[in-house]
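Peer 1: The following block contains the structure, expressed as structure tokens.
The values are calculated or read from the model by the stated rules, or taken from the named source; none is laboratory data. The structure displayed is predicted, hence computed values, not measured ones. As a convention, Cβ positions derive from the backbone with ideal geometry for all residues, glycine included, and neighbour counts pool all protein chains shown. The protein model used for the area step is the full one, side chains on, heavy atoms only, and it has no ligands, DNA or RNA in it. Shrake-Rupley method; radii C 1.70, N 1.55, O 1.52, S 1.80 Å.
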Amino acid sequence: MAPTIEHLKSLAKIDLDLPAPQTGTIDKSGKFGRVKVEITTLPTQFGDQIVAKIAYIQQSPLALDRLIPDRDIFDPIERLIHSNRGLILFVGERASGKSTTLYASLAEIQRTDLSIYAIDRQLKYTVPGINQITLPTDADDHTLTHTIQTCLRQQPDVLAIGSIEVRSRITYESA
């Protein structure tokens, strides 16, 4: 095994002798915040294939005006997030900045007189004053639905749902 691969597996607490797909994480704190690296290994005929997904985790999200510096784009978004009612969906490809935009928006509207809840599968940002609920990674649709219903009973002013996964069921009937 190459020394670099062995070192990464060791840091991520991955079994060096197990010839099976494995996942581990490296979590380091430093002067500028926390860095989390998810290491995934997959044994192939040429040796371990390793992918490292790096996430810079800040204590609080970016300011929305720094995230969207173009005023022509920022102004309509700011009006939307400060409106008293409605539904806003942040959509895009994986790792396109949806969660960053969501939490920057929540930080923008956060006030002591607002009750804000955020439900997500992974705590990516910590926003002071916002009630953040982290779902287990194996949570099913029922758990998400129950969590949303429970939050709604608390009568929040704002409810943010970090990710909505669309699962389709296809059923076939014979004629």
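Peer 1: Just the number please: accessible area per residue for the chain, 1.4 Å probe, all protein chains included, in Å².
Peer 2: 73
Peer 1: Further question on the same structure: Can you give me the % of accessible surface on the chain that is carbon or sulfur? Probe 1.4 Å, all protein chains present, nothing else counted.
Peer 2: Carbon plus sulfur share of accessible area: 53 percent.
Peer 1: Further question: Lys/Arg Cβ at +1, Asp/Glu Cβ at -1, dipole of the chain taken about the Cα centre: which of T145, A52, L11 is farthest positive-ward?
Peer 2: Towards the positive end, the residue furthest out is L11.
Peer 1: Within the chain, what is the longest stretch that has no chymotrypsin sites (Phe, Trp or Tyr not before Pro) placed in a DSSP loop and near at most 11 other beta-carbon atoms within 10 Å?
Peer 2: 47-171
Peer 1: log₁₀ I(q)/I(0) of the stretch 41-136 at q = 0.15 Å⁻¹, via Debye over equal Cα point scatterers, no solvent, to two decimals?
Peer 2: -0.68
Peer 1: Where does helix 141-153 land angle-wise versus the long Cα axis of the chain, in degrees 0 to 90, nearest 10?
Peer 2: Once rounded, the angle reads 30 degrees.
Peer 1: Just the projected area, averaged over all directions, of the convex hull on the alpha carbon atoms of the chain: how many nm²?
Peer 2: If you wrap the Cα atoms of the chain in a convex hull and average its projections, you get 16.6 nm².
Peer 1: Taking the Cα of D157, stepping 7 Å toward and past its beta carbon, and measuring to each backbone N in the stretch 113-138: which are under 13 Å?
Peer 2: 113-117, 129-131
Peer 1: If the reach is capped at under 27 angstrom between alpha carbons, list the lysines near K13, excluding any in the same chain fewer than eight residues apart.
Peer 2: K28, K31, K36, K53, K124
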